[in-house]
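This report refers to the structure that appears directly beneath it.
The values are calculated or read from the model by the stated rules, or taken from the named source; none is laboratory data. Only a predicted model underlies this, so the values are computations on that prediction, with no experimental measurement involved. Virtual Cβ from ideal backbone geometry, glycine too; neighbours counted across all protein chains shown. Areas reflect the complete protein model, heavy atoms only, side chains present, ligands, DNA and RNA absent. Shrake-Rupley method; radii C 1.70, N 1.55, O 1.52, S 1.80 Å.
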Amino acid sequence: MRDMERNVLTVLVFTALSSVAQGNSAHMSRNYTLEFGDIPGGHIPSFMLFRRLQHYDKRIRPNFAVSRIWVEVQLYVSSISSVSEASMDYILNFFLRQRWNDPRLSYTDFKSSLTLGTSTLAEIWIPDISFKNGKGAAYREGGDHNTLLRISPQGDILLSQKMALLLSCPMDFRMFPFDTQSCGIQMESYGHTTEELVLEWAKPEMEIDLSIRLPEFELKQWGTRRCDNQVLTGNYSCTEAYFKLVRRFGYYLIQAYIPSILLVIISWLTFWINPDVVPARISLGITTVLTSTTLTAFSHGSTPRNSYIRAIDIWMLACSVFVFAALVEFSVSHYIFRRQTKFSKIVRSVFCRNKFPSTPNPPPQQVPAAGTTPEASYINPSNPQLVNGQLQPRARMTQEDVSKLHQNFARRMDIISRFLFPGLFFFFNSVYWLVYSTAYDA
């Protein structure tokens, strides 16, 4: 009897629990239906779009055999980095936005635009935009959270992608380091000619993150232009965004120009050292020449090997010439200073105001001064005396006289060089900085 009562009680409890579960299920179903009760037609959004995708052929572009398709592009540049003169390229981080219309993807069961996942990209037609001056991806984005796909009820499609590309940038270094480089990104349709697809810039064409800072360049200007390309297979639509990069001059002023100026000035110190002091002058001259060579090699390290002359090459070459000329001047003055034999008429003419007569005829006879004799009239050119009442140099100089003549000439060379070298270097600086400062865009 007790077993019977226990079984009946179990059946009643099970029936009660089943009723409660059915009631909760009906309540949840009613709530689920109410969530989409305000949707026109009572359908879940994009049901019509999903049905269209079942019969969608992504191999055929929109408006096929009817008209060309217009694709609007827009850029948002987030950063510019790694501008390399040696390889002539740079890294560009940007957001590429593309807009076009595909009537096959229009729907009417929902009034707002739909944001879809990246998996939908494999099911629809998208423009075959390629980067004409691309050299490769700088790095690969992780995950699928770098693409946005949005479709409006009219079939307007917005595709936004975050990209990081390594782009080539042809550079001209004739004005280096006063140069201005124009780097850009060229986008064109890879397989559709202008009769099928046309790329055009949206409004606004490009936006730049104003916080972009480059260590060696200043982003001075940017803009857009056309770059349509005509090849054997047809004419292809192309759009280009360019960036005007002006090189910052301060680094090269500190590392190259000021040290070379100081080096040239140091080379002039040899003009204040006696030509007979060989170790001091030769060590100073060779040191400045070798240091000038090192600075020239440093100036070539940041740019590729070009066959044309750069602005910094002209400067370094001129500084090397001034330093080398100071060393040559010492060699010449020391050679003259040490010479013991007669040198030339040029040396004698510098220190002898009266030259020997060009004719063998004797000069007019005059009354000799009191106390003078013909033998006493032949004197050193640096201390002339009267000969028959006229000043005459000695007809024959001794070895000591020749040596003193050459020493005086060598010292005078140093004195002239003290003013000649700084004057020429100042003139060169005036012309150099006037020419290149007027052409500098910074």
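Details
- Computed from phi, the 3J(HN,Hα) profile of the range 429-442 under the Karplus parametrisation 6.51, -1.76, 1.60 (θ = phi - 60°) reads 4, 4, 5, 4, 5, 5, 5, 7, 5, 6, 8, 7, 8, 6 Hz, with x in place of Gly and Pro.
- Within the range 207-326: Cβ-based charge dipole about Cα centre, in debye rounded to nearest 20 (Lys, Arg +1; Asp, Glu -1): 80 debye
- Packing here is the average count of other Cβ atoms within 10 Å per residue, and on that basis the peptides 430-440, 276-286, 187-197, highest first, run 187-197, 276-286, 430-440.
- Peptide packing: for 48-57, 410-419, the average count of neighbouring Cβ atoms within 10 Å per residue gives the ranking 410-419, 48-57, highest mean first.
- Computed from the Cβ-Cβ distance with R0 of 56 Å, the FRET efficiency linking ARG225 to ALA325 stands at 0.70.
- With all protein chains kept in place, the per residue accessible area of the range 261-330 amounts to 49 square angstrom at a probe of 1.4 angstrom.
- On the beta carbon distance between PHE64 and LYS111, with R0 = 30 Å, the FRET formula returns roughly 0.60.
- In the range 184-264, taking the dipole from charged Cβ atoms about the Cα centre, the farthest positive-side position among ILE185, GLN221, VAL246 is held by VAL246.
- Other residues within the sphere of radius under 9 Å centred on the Cβ of LYS132, judged by their own Cβ, net out at -2 (K and R +1, D and E -1).
- The protection proxy used here, the mean number of other Cβ atoms lying within 10 Å of each residue, ranks peptides 229-235, 130-136 as follows, highest first: 130-136, 229-235.
- Dipole magnitude for the range 71-145: about 120 debye, using +1 per Lys or Arg Cβ and -1 per Asp or Glu Cβ, origin at the Cα centre.
- The residues of the range 119-192 expose, per residue, 46 Å² of accessible area to a 1.4 Å probe.
- Built amide H within the under 5 Å cut-off of MET175, gap 5+: ALA311
- Within the accessible area of the range 171-210, the carbon and sulfur atoms contribute 46%, probe 1.4 Å, all protein chains present.
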